[in-house]
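Asker: Structure below; questions to follow.
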Amino acid sequence: MDRQRWARWTPWAAALLATGAVVATAPADDTAAGSTAMDVLGGAQLRIMAPAAPGGGWDQTSREMQAALRGLVGRTEVYNVAGAGGTIGLSQFVRFDDDPAQLMTTGLIMVGAAKANKSAHSLADTTPLVRLTTDYQAIVVPAASPLRTTADLAAAMRADLPAVSIAGGSAGGVEQILAGLLAKAVGGDPAQVSYVAHSGGGEALTTLLSGRAAIGISGLSEIQPQIEAGTVRALAVSSPDRLPSVPGIPTLREGGVDVELQNWRGVAAPKGISDQEEQALETLLVDMTRTDGWRDALQRRGWGDATLAGPEFEEFVRTEQDRVSQVLDEIGLG
């Protein structure tokens, strides 16, 4: 991969590459890890907030975690708090203060949304525990769209950028960042992009299929069932190379648009938990990533394994907040 070329379009993404190696705690017996977590939880049941509507990437991640954790800590609860790129959920999550039984699924979208929405809170008000996965974006059109290739899309954007309306996730999220980068790559002004933000992938799909948007941008794992069903047609993926899970979909670069973008998801706990509680939860989550259930989820969903824990993940989050803020300013979304 040409890392310098990616960094030119997405400066903050270079950090993701630089920290892409899996960093985890030393191997531990699954039962022992579960017992340690249960000890610090005092027998309380883990609750996992998915800060988005059901069906999206955070919801999928939370429910796959729930299944993979069952053999380690028994029953867990997953609940949804949708809206504003996860920042509504974040504003509620920070109230838990020092409760180690509360977890929240988070990621790049929340980092961007906190900046774009001028949220009173950010991931700095949480305890980042573990980065779990990476995922790429898919650029899709309705099945009957006259846009057949990335080259067609680029030509349409060059001809009349505001006329190419784009449906995607929350303001400041990875989809809107990609929309701005696409505009910049074809020589347009990202501030002129007609981007229709939605709180969930289902709403964005409805907008696309209704004809109120020309293209849609979505996490591949979320939109893949609609691609396979023929409801939408994928023009490209935002990965550096074609993905094994969808080998027939070309990259943006293959279509002459020099942009790559990778999303990530992870888990945070409340700000005030103790060091002992933080370490126990990190160990539990890292051990969860080694379970057969989680490995199966990665394969089924087409997610990349991006396990990163402890101080390394905390530093990664700090770097992401700075770099996402910079790129949002550069493409007029700050």
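Asker: If R₀ is 41 angstrom, what is the calculated FRET efficiency for the pair residue 158 and residue 75, using the beta carbon separation as r and rounding to 0.05?
Answerer: Here the calculated transfer efficiency is 0.15.
Asker: Leaving out ligands and nucleic acids, and using a 1.4 Å probe, what accessible area per residue does the chain come to in Å²?
Answerer: Per residue, the chain has an accessible area of 38 Å².
Asker: Which value in nm describes the separation of the simple spin-label points at residue 254 and residue 149, placed 7 Å from the Cα toward the beta carbon?
Answerer: Reported label-point gap for residue 254 and residue 149 is 1.2 nm.
Asker: Can I ask one more? Apply the Karplus parameterisation 6.51 cos²θ - 1.76 cosθ + 1.60, with θ equal to phi minus 60°, to every residue of segment 88-103 and state each ³J(HN,Hα) to the nearest whole Hz, in sequence, with x for glycine and proline.
Answerer: Using θ = phi - 60°, the values come out as 5, x, 4, 5, 7, 5, 5, 6, 5, 6, 10, 8, x, 7, 9, 10 Hz.
Asker: Another one. Which whole-number percent gives the relative contact order of the chain, counting Cα pairs below 8 Å spaced six or more residues apart?
Answerer: For the chain, the relative contact order is 29 percent.
Asker: Per residue, how big is the convex hull around the C-alpha atoms of segment 184-261? Give it to me in cubic angstrom, could you?
Answerer: So the per-residue Cα hull volume is 105 Å³.
Asker: Quick check: the distance between the Cα centres of segment 294-334 and segment 155-189, to the nearest angstrom?
Answerer: Going from one Cα centre to the other spans 21 Å.
Asker: Averaged over all directions, how much area does the convex hull of the C-alpha atoms of the chain cover when projected, in nm²?
Answerer: 15.0 nm²
Asker: Another question, if that's okay. Expressed in nm to one decimal, what extension gain is obtained for the pair residue 209 and residue 231 from 0.36 nm per residue of sequence separation less their Cα-Cα distance?
Answerer: That pair, residue 209 and residue 231, stretches by 7.1 nm at full extension.
Asker: How high is the FRET efficiency from residue 312 to residue 192, r the C-beta distance, R0 41 Å, rounded to 0.05?
Answerer: E(calc), rounded to 0.05, equals 0.60.
Asker: Quick one: among 61, 319, 207, which has the greatest mean-square fluctuation in a GNM of the chain with alpha-carbon springs under 10 angstrom?
Answerer: 319
Asker: Related question: Using the Kirkwood formula on the Cα atoms of segment 103-194, what hydrodynamic radius do you get, in angstrom to one decimal?
Answerer: Across segment 103-194, the inverse of the average 1/r is 15.1 Å.
Asker: So, with a 1.4 angstrom probe, what is the percent of accessible area on segment 65-140 that is carbon and sulfur?
Answerer: Summing carbon and sulfur atoms, their accessible area is 46 percent of the total for segment 65-140.
Asker: I've got another one for you. I need the shape label for segment 262-331. Rule: rounded when a/c is under 1.5, else prolate if a/b > b/c, else oblate, with a, b, c from the alpha carbon gyration tensor.
Answerer: Oblate is the answer for segment 262-331, as a/c is 1.5 or above yet b/c matches or exceeds a/b.
Asker: Let me ask another. Note down the magnitude of the dipole of segment 73-180 about its Cα centre, charges +1 on Lys and Arg C-beta and -1 on Asp and Glu C-beta and zero elsewhere, to the nearest 20 debye.
Answerer: 240 debye
Asker: Determine, for each peptide in 160-171, 143-154, 100-111, the mean count of other beta carbons within 10 angstrom over its residues, then list the peptides with the highest first.
Answerer: Answer by packing, highest mean first, reads 100-111, 160-171, 143-154.
Asker: How would you order 288-296, 51-59, 223-231, 256-264 from highest to lowest mean count of nearby Cβ atoms within 10 Å?
Answerer: 51-59, 256-264, 288-296, 223-231
Asker: Now for a separate question. Rounded, prolate or oblate for segment 193-324? Axes are the square roots of the Cα gyration tensor eigenvalues, ordered a ≥ b ≥ c, and the cut-off for rounded is a/c under 1.5.
Answerer: The shape class here is prolate.
Asker: What ³J(HN,Hα) values, in whole Hz, does the Karplus curve 6.51 cos²θ - 1.76 cosθ + 1.60 give for segment 69-83 when θ = phi - 60°, with x put for Gly and Pro?
Answerer: Taking θ as phi minus 60°, the curve returns 7, 4, x, 9, 10, x, 6, 10, 10, 10, 9, 10, 10, 8, x Hz for segment 69-83.
Asker: Mind ranking 76-86, 190-200, 36-46 by how tightly packed they are, going by the mean number of other C-beta atoms within 10 angstrom, highest first?
Answerer: 76-86, 190-200, 36-46
Asker: Give me a comma-separated list of calculated 3J(HN,Hα) values for segment 308-324, in order, Karplus coefficients 6.51, -1.76, 1.60 applied at θ = phi - 60°, integers in Hz, x for any Gly or Pro.
Answerer: Result, rounded to whole Hz: 8, 9, x, x, 5, 6, 4, 5, 4, 5, 4, 5, 4, 4, 5, 6, 5.
The values are calculated or read from the model by the stated rules, or taken from the named source; none is laboratory data. Quick caveat: nothing in here was measured; it's all calculated off a predicted structure. As a convention, Cβ positions derive from the backbone with ideal geometry for all residues, glycine included, and neighbour counts pool all protein chains shown. The protein model used for the area step is the full one, side chains on, heavy atoms only, and it has no ligands, DNA or RNA in it. Shrake-Rupley method; radii C 1.70, N 1.55, O 1.52, S 1.80 Å.
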